[in-house]
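Here is the structure we will look at.
The values are calculated or read from the model by the stated rules, or taken from the named source; none is laboratory data. Note that the structure is a prediction, hence the values are computed from the model and not measured. All Cβ positions, glycine included, derive from the backbone under ideal geometry; neighbour counts span all protein chains shown. Side chains included, ligands, DNA and RNA excluded: accessible areas come from the protein's heavy atoms. Shrake-Rupley method; radii C 1.70, N 1.55, O 1.52, S 1.80 Å.
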Amino acid sequence: MPFKLKFSNFSIGALNRQNSAPAKLNSEKIIRINHNNNNINNSIVLDFKKFCKKLEEITNKEESLKGISLNVFHTRVFPVYPELASRIYALFCRVSGHKGNGPIAASSFLQVAEKFMNIMSDEKQTELYLKMYAEENLSEIKKDNFQKLAILSHTVALDHYPEGPRCCAKTRETLATLANAAFHGKEVLSLSYLAHWVTENSPRLLLGLHRYVVHHLNTSYRTIDQPLSSGPQNEENMDLGTPVLESEPHFPDNEEAKPLPLSEVWLLAVSLPKLYIQPSVIHSPSSSSGLASLDSQGIIARFLGTICPSHWTPLYNSNNHGLGANRFLTHVLNYRGPTLTFIRGEGDVEFCIGSTDEWKETHMYWGKEDCIVLQTKPLFHIIERGPKLMYLNTGIRGYPLGLRAGLDPRKPTLSINSGFTQVEFKAIPYPLFSVEVWGCGTSQSREAQLDIKKWQVKQAERQRQVKLSAADWVDHPDRYLLELGGRTTYNEQGT
C-alpha cells in the first residue's frame, strides 16, 4: 500500500497566520543584510581593481613592461614567501592561457584572481592548491611536491602562531607521515585522487594557507606604497588555527616528558573534527552592525579573525605520573570535555583517540559522532570515526577489561589490556611504552576537574580522622577482627 502524506489545511493556515508578522520582519532584515553585503562586495571588488592597476603601474615604472610581472607580484604581495608567489603567479598564467616569460596582462590577472577568491567547496579548494604544485598536465602531482605544499601551509601557520612566530625541528618528519600515507609507496598520484584523500583525512590542511592568500590579495592595496619588507609581517587577527599547548610546571625536565611537537599539533588541528579545536568566538562577522562603517581591509580582517586559538591542557603523561590503569583513571576522570589520548608502542608506533565526552567506566560503548581513531606514526591517517566508539572497563566482571576503541565491539580497532602493558592494533600486539592525554575543552572544564579532586582529597582526610567513643567501639567491626586475631583486652581510655 503506497504511503500518502496528508496536510491539515487548518494547521497550515493557523501556522501562516501566526508566522506572517515575523516572516515580514525577517524578510526586511534579510533585505537589509543583503544590501550591506552587496555594498561590501562591491567595495572589495573596486579596491582589488585599483590594486591590479597599481601593480601594473609599478611594473611599467620599474621594468618598463606592460602587465604585471612576477617580481612585482612577489615583492609587493608576498615578500615573505617567494615560492608561494611564484606558484600562484604560474597558476594564474596557466589558467589565463598566458604564454611566454613576459608579464601577465592586468585584465587576465584580475579575471583569474576573482575566480580564485570565490567561495568553493573544500575539495575544490584543495584541488586548486594542488594544481600549483602539479605537473605540466595539471592532472598528476609528485610526492615531493605535495610535501613541499604541506610544509608551506605549516610554515605560514606557525609564522602566525597566536603567541608569536614559531618553528619546529620535526616539521619534515611529521609531514612525511602524511605524504607517505597518501601516496602508499608511489611517487606520483592523480591530482583528483589526492584531493579526495586530503579532504577525507586532513580536510583543513590548506585552509589556513588559503585564508592567508585571500587576505593578502584583498588587503595589499593598502600597503603597496610602503617600504618593502623581507621579514614576517605582524598581522592582527590572522590566527590560522593552531592550538596553544598549556604546560604544567610540576612536569620534570626529561626527554620523554617533552610536550607534543608543534608540527604534530598543527597536523592534528587541521585533521580532527572541529570539536577538538574549540574556538572561542570574539565577534560575529555576520552581524550587520558596524559592517557598513568598515573598509574592505577591515572587513576581511574581521572575517579572518573571528576566532581565537584553543588551548590543549595536559591531563596525564605516563612518563611523569606512572603507566597503569589506576594512574590513568586518577588523572583523566571527571574532566568534562573532549580529550585526545596518545598511545605509543614499540617500533615508533603511535595512535590518537579522540573522545567527545568525559571518560567513564562502563560495560557499554559510548561517545558521539565525532569520536575518532587515528594512526599518527609511522603513517598519518584516519582509521575510524563515529558514535559509540569508546570503551573503558577496569573492574566490572563478566565484560572485557581495559581500554578499547572501534565501531565493532567484537573486533575493536585499538585496545589496551587491563594491565596497561600491551596495545593491540587490528589484532597486532605491541608492547605499550607510554600514554598521554590532553584536554581539549574550555578552561572551565579543567578547573571543574581540579575542584572535584580537591573535594575528594578533603573527603578522604575526613574519613581518616574519624573519632570513636567507647560506646561506638563496643559494636565496631574492627573490634571483632582484633579479637579474632587474639587480642581480648583494650585500653578504653585510649580509645
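Between Tyr89, Tyr129, the distinction of being closer than 18 Å to Leu191 by Cβ and either in a helix (DSSP H, G or I) or not β-branched (Val, Ile, Thr) (or both) belongs to Tyr129 only.
Among residues of the stretch 416-428 that are over 9 Å from Leu403 (Cα atoms), those with a Cβ under 6 angstrom from a residue that is aromatic (Phe, Trp, Tyr) and part of a strand (DSSP E or B), sequence gap 6+ or separate chain, pair up as Val423/Tyr430.
Would you point out which residue out of Tyr212, Tyr221, Tyr193 is among the aromatic types (Phe, Trp, Tyr) and either at pLDDT below 85 or in a strand (DSSP E or B) (or both)?
Working: Tyr212 fails: either at pLDDT below 85 or in a strand (DSSP E or B) (or both); Tyr193 fails: either at pLDDT below 85 or in a strand (DSSP E or B) (or both).
Selected residue: Tyr221, the only one of Tyr212, Tyr221, Tyr193 that is among the aromatic types (Phe, Trp, Tyr) and either at pLDDT below 85 or in a strand (DSSP E or B) (or both).
Within the stretch 135-182, can you find the residues that are crowded, with 21+ Cβ neighbours inside 10 Å and closer than 23 Å to Val95 by Cα? Residues satisfying the conditions are Ile141, Phe146, Leu149, Ala150, Ser153. Tallying residues that are surrounded by fewer than 22 Cβ atoms within 10 Å (Cβ to Cβ) and without any contact (Cβ under 8 Å) to a residue 60 or more places away in the chain within the stretch 64-84 yields 8.
For every residue, the table says whether it meets (1) at pLDDT below 95; (2) open to solvent by less than 10 Å² (accessible area, probe 1.4 Å); (3) within 19 Å of Gly402 (Cα to Cα); (4) not in a loop (DSSP other than H, G, I, E, B).
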| site | (1), (2), (3), (4) |
| --- | --- |
| Ile343 | no, yes, yes, yes |
| Gly347 | yes, no, no, no |
| Glu350 | no, yes, yes, yes |
| Ile353 | no, yes, yes, yes |
| Asp357 | yes, no, yes, no |
| His363 | yes, no, yes, no |
| Val373 | no, yes, yes, yes |
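Is it the case that the stretch 153-172 has a residue that's among the polar types (S, T, N, Q), in contact with a Pro (Cβ under 9 Å, 6 or more places away or on another chain) and either part of a helix (DSSP H, G or I) or modelled with pLDDT of 95 or more (or both)? Yes: the stretch 153-172 contains one or more residues that are among the polar types (S, T, N, Q), in contact with a Pro (Cβ under 9 Å, 6 or more places away or on another chain) and either part of a helix (DSSP H, G or I) or modelled with pLDDT of 95 or more (or both).
From the list Thr394, Thr341, Thr362, pick out the single residue that is among the polar types (S, T, N, Q), farther than 21 Å from Thr313 by Cα and in contact with an Asp or Glu (Cβ under 9 Å, 6 or more places away or on another chain).
Working: Thr341 fails: farther than 21 Å from Thr313 by Cα; Thr362 fails: in contact with an Asp or Glu (Cβ under 9 Å, 6 or more places away or on another chain).
Only one candidate qualifies: Thr394.
When the stretch 92-109 is limited to residues that are more than 27 Å from Ala150 (Cα to Cα) and not in a loop (DSSP other than H, G, I, E, B), the one that is least open to solvent (accessible area, probe 1.4 Å) turns out to be Ile104. Of the helices (runs of 4 or more DSSP H) lying entirely inside the stretch 424-495, those containing at least 2 residues that are modelled with pLDDT under 70 span 443-464, 470-474.
Looking at the stretch 394-414, can you tell me whether even one residue there is surrounded by fewer than 13 Cβ atoms within 10 Å (Cβ to Cβ), touching a Pro at 6+ places or on another chain (Cβ under 9 Å), at pLDDT 75 or above and among the hydroxyl-bearing types (Ser, Thr, Tyr)? So far as the stretch 394-414 goes, no, none of its residues is surrounded by fewer than 13 Cβ atoms within 10 Å (Cβ to Cβ), touching a Pro at 6+ places or on another chain (Cβ under 9 Å), at pLDDT 75 or above and among the hydroxyl-bearing types (Ser, Thr, Tyr).
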